Amino acid sequence: MTQQDDPITMIEPDFDAIDAMGRRAGAELRHVAPPNGVEDAVRSARRRSTVRGVAVGGVIAAVALIGVVVMNGNDDSTPLQPVDSIAPAPDSVASSVPLAPIPLADSLGAIVFSTLEDLPAGSEGRDVFTADADGSNVRLVAKGWDGFGLSPDGTQLLGTKIATDGRRLPYIIDVGATEGRFIEPSDPNLNLGGLSWSPDGTRFVGEGFNGDDLSKRGVWSMAIDGSDLVRLTDPGTKVDIPPSEGAAYSPDGTRILFYRSEEGDDRERMQMMTMNTDGTDVRQISDSKYRTETGRARWSPDGSKLAYIMFEGDGTASAEKVRALFVADAAGGAPKQVTGWSEYHDFDWSPDGTQFALSKVVSPAGDGKGELQIHTMNADGIELKQVVTPDSSSIWSVLPEWSPDGRSIMFVQGSGDPRRYEYRVLNVDSGVITTVLPAGEEDYAAVWVQAGG
């Protein structure tokens, strides 16, 4: 299937304005696990008014499509349907929150979020909050934190900070505490970033680096107490990167996902790899005919499959607008293309592994103004249905993320103004949309809290 098979016509949005949003949202993306990947999401919006989503601490994100012929030849896309939108959330979320962080004590709500305002000079990071699924009962859980990195049991946050010697090192803090501690590797010349918890919470993996010193490049693993530092990969002149969204480990903890550059330090033309947790049995999962970029892959909930987005052409992900969703068995075998070639950006598995949510460019009015919208689709690529449509205050919708119980999808919806976007929650059964984090003077990044966390 070729690009010509997709009947949707699109025009270019205001790239400069959306790029400005991305610059505000992200800091040191290469080595810091970003809060919910919003900065990557907005960079994707540069090509088509949108943003991308990500999974943190066992939370995963998804995307959907319409108006495209899937690989099995069916065109089951559902016509656009209106949805009722309600917005019970307060006008200003952070301003009504007490200044002192709360202790854990089962206090985490349905979502965790952080502000994305510009950081003042000398600031350690942004504040992290929790709230119920309707945006109410907002509480502060950590101050001065960059990213989420919520542990599997919901009691700790794992991220990175700059140590006194100038290295970027893992840093861990108890939820509700005001101070944390560095986790210093035994190698005094090693930096570590892009961290992911293991499912049992005893270890993490990260990207090792030390400037131009190739001997430090690769994926490294370490126990959460700082012991047992292990280098898992040696990419030579290439670069290996675990998912910065914290989704490196398979759900059963037996395999690790990472990305390997095709040449040098090029992080926009990569192939998807997996390995055992001790670094053995390295396999390339993706098809070398296509390319991907970091953050474009997700383990299935049972860990048996990997889904990922690839793009055609020899350019970068920024330049190549034609993408498709693939699914591969984690144990190996030929990947299966489950969508046609169109402009896909983000996706998430449903908790039971039977569906995807995806963001894809559509042109509902037939006027050539293509914008990303949220859809759902069966995991085999059939029964496409658009589930979110624009309202009077929004144009695009992206960053879909299933709730742990599978009843809701949280997503970001915005207008032409890159600073005006909201987090909303769709009730999958009723179609009712609730505004959780309204647009205002501050921007946010949010993820669901895993059930039982």
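Among the residues of the stretch 353-367, is there at least one that is touching a strand residue (DSSP E or B) at 6+ places or on another chain (Cβ under 6 Å), modelled with pLDDT of 95 or more and open to solvent by 40 Å² or more (accessible area, probe 1.4 Å)?
So the first thing to find is which residues in the stretch 353-367 are touching a strand residue (DSSP E or B) at 6+ places or on another chain (Cβ under 6 Å), and the list is 355-362.
From what's left, modelled with pLDDT of 95 or more: 355-357.
Retained after the next criterion (residues that are open to solvent by 40 Å² or more (accessible area, probe 1.4 Å)): 355.
Within the stretch 353-367 (the criterion being touching a strand residue (DSSP E or B) at 6+ places or on another chain (Cβ under 6 Å), modelled with pLDDT of 95 or more and open to solvent by 40 Å² or more (accessible area, probe 1.4 Å)), the answer is yes, since at least one residue qualifies.
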Margin query: List the residue pairs whose Cβ atoms are under 6 Å apart, where the first residue sits in the stretch 327-349 and is closer than 20 Å to ARG283 by Cβ and in contact (Cβ under 8 Å) with a residue 40 or more places away in the chain, the second is open to solvent by 30 Å² or more (accessible area, probe 1.4 Å) and in a loop (DSSP other than H, G, I, E, B), and the two are 6 or more positions apart or on different chains.
Written below: ALA328/PRO335; ALA330/SER304; PRO335/ASP287; GLN337/MET71
Next item on the list: Determine the pairs where a residue that is buried (at least 16 other Cβ atoms within 10 Å of the Cβ), located within the stretch 279-291, has a partner that is of a type in the set (A, V, I, L, M, F, W, C) and assigned to a loop (DSSP other than H, G, I, E, B) with Cβ atoms under 7 Å apart, the partner being 6 or more residues away or on another chain.
Entry: GLY279/LEU232
Next item on the list: Determine if the stretch 205-212 includes at least one residue that is assigned to a loop (DSSP other than H, G, I, E, B), of a type in the set (S, T, N, Q) and either surrounded by 16 or more Cβ atoms within 10 Å (Cβ to Cβ) or in contact with a helix residue (DSSP H, G or I) (Cβ under 6 Å, 6 or more places away or on another chain) (or both).
Entry: no
Note to self: For the stretch 146-164, give me each residue that is in contact (Cβ under 8 Å) with a residue 12 or more places away in the chain, farther than 12 Å from GLY206 by Cβ and open to solvent by 10 Å² or more (accessible area, probe 1.4 Å).
What the structure shows: ASP146, LEU150, PRO152, ASP153, THR155, GLN156, LYS161, ALA163
Next item on the list: Please go through the stretch 166-200 and pick out each residue that is over 21 Å from LEU214 (Cβ atoms) and of a type in the set (D, E, K, R).
Entry: ASP174, GLU179, ARG181, GLU184, ASP200
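Of all residues being of a type in the set (Gly, Ala, Ser), crowded, with 20+ Cβ neighbours inside 10 Å and assigned to a loop (DSSP other than H, G, I, E, B) in the stretch 318-350, which is modelled with the lowest pLDDT? Just the residue, please.
From the stretch 318-350, those of a type in the set (Gly, Ala, Ser) are 318-319, 324, 328, 330-334, 340, 342, 350; that's our starting set.
When the remaining residues are screened for being crowded, with 20+ Cβ neighbours inside 10 Å, the result is 324, 328, 330, 340, 342, 350.
Retained after the next criterion (residues that are assigned to a loop (DSSP other than H, G, I, E, B)): 330, 340, 350.
Values: ALA330: 86, GLY340: 89, SER350: 96.
Restricting to residues being of a type in the set (Gly, Ala, Ser), crowded, with 20+ Cβ neighbours inside 10 Å and assigned to a loop (DSSP other than H, G, I, E, B), the top hit is ALA330.
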Next item on the list: Being open to solvent by 40 Å² or more (accessible area, probe 1.4 Å), out of contact with any helix residue (DSSP H, G or I) (no Cβ under 8 Å at 6 or more places or on another chain) and part of a loop (DSSP other than H, G, I, E, B) is the filter here, so list the residues in the stretch 230-265 that pass it.
Entry: ASP234, LYS238, PRO251, ASP252, THR254, GLU262, GLU263, ASP265
Check: Which residues, counting only those in the stretch 294-316, are at pLDDT below 85 and surrounded by 24 or more Cβ atoms within 10 Å (Cβ to Cβ)?
Finding: THR294, GLY295, ARG296
Check: Among (1) modelled with pLDDT under 95; (2) surrounded by fewer than 22 Cβ atoms within 10 Å (Cβ to Cβ), where does GLY194 come up short?
Finding: (2)
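The values are calculated or read from the model by the stated rules, or taken from the named source; none is laboratory data. Being a predicted model, the structure only gives us computed values, none of them experimental. Reconstructed Cβ throughout: ideal geometry from the backbone, glycine too, with neighbour counts over all protein chains shown. Ligands, DNA and RNA are stripped out before the accessible areas are found, and what is left, the full protein with its side chains, is counted by its heavy atoms. Shrake-Rupley method; radii C 1.70, N 1.55, O 1.52, S 1.80 Å.
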